[in-house]
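Here's the structure we're looking at; comments come further down.
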């Protein structure tokens, strides 16, 4: 199960990277607006990586923030893209929220598992 979760997390990261650095026309659009789309994508990134790597969660969260910063900087060289501090802040905060949700889910499932043993 862990391998499937990790594969899904990395596939999601690949899709978000393509949407971030690829041609603007290929980026999915929704009624959430740009900040909402960013928030949703990076909440999912934080959640999936937080679930896939529970023992390394703090290190993975830190690595995610650095990777988000690099993605934003790489947009300086991507045609039709722009790097903005606001995007980095929204993305990093959203990923953090995803990691917090993963942590809470871990606590709840461990608590539930323990209560079922006794």
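Quick note: the coordinates plus some simple rules give every number you see, no bench work behind them. Worth saying up front: this structure is predicted, and the values here are computed from it rather than measured. Neighbour counts run over all protein chains shown; Cβ positions are idealised from the backbone, glycine included.
Quick notes on this one:
- Our summary gives the chain a relative contact order of 33 percent, counting only alpha carbon pairs under 8 angstrom and 6 or more residues apart.
- Label-to-label distance, nm, for residues given as residue 32 and residue 3 (7 Å Cα→Cβ offset): 3.1
- The simple Förster model, with R0 at 30 Å and r as the Cβ-Cβ distance, assigns residue 55 and residue 19 a FRET efficiency of 0.55.
- Alpha carbon Rg of the range 57-118, scaled by the compact-globule rule 2.2 N^0.38 Å: 1.61
- Principal-axis tilt of helix 33-52 within the chain, Cα atoms, nearest 10 degrees: 40
- In this structure, residue 112 and residue 89 have a Cβ-Cβ separation that, at R0 = 30 Å, corresponds to a calculated FRET efficiency of about 0.30.
- Against the empirical curve 2.2 N^0.38 Å, the C-alpha radius of gyration of the chain lands at a ratio of 1.17.
- On Cα atoms only, tilt of 85-117 relative to the major axis of the chain in degrees: 10
- Helical content alone sets the calculated 222 nm signal of the chain at -27000 deg cm²/dmol, taking -39,500 (n - 2.57) per DSSP H segment of four or more residues and averaging over every residue.
- On Cα atoms only, tilt of 2-21 relative to the major axis of the chain in degrees: 20
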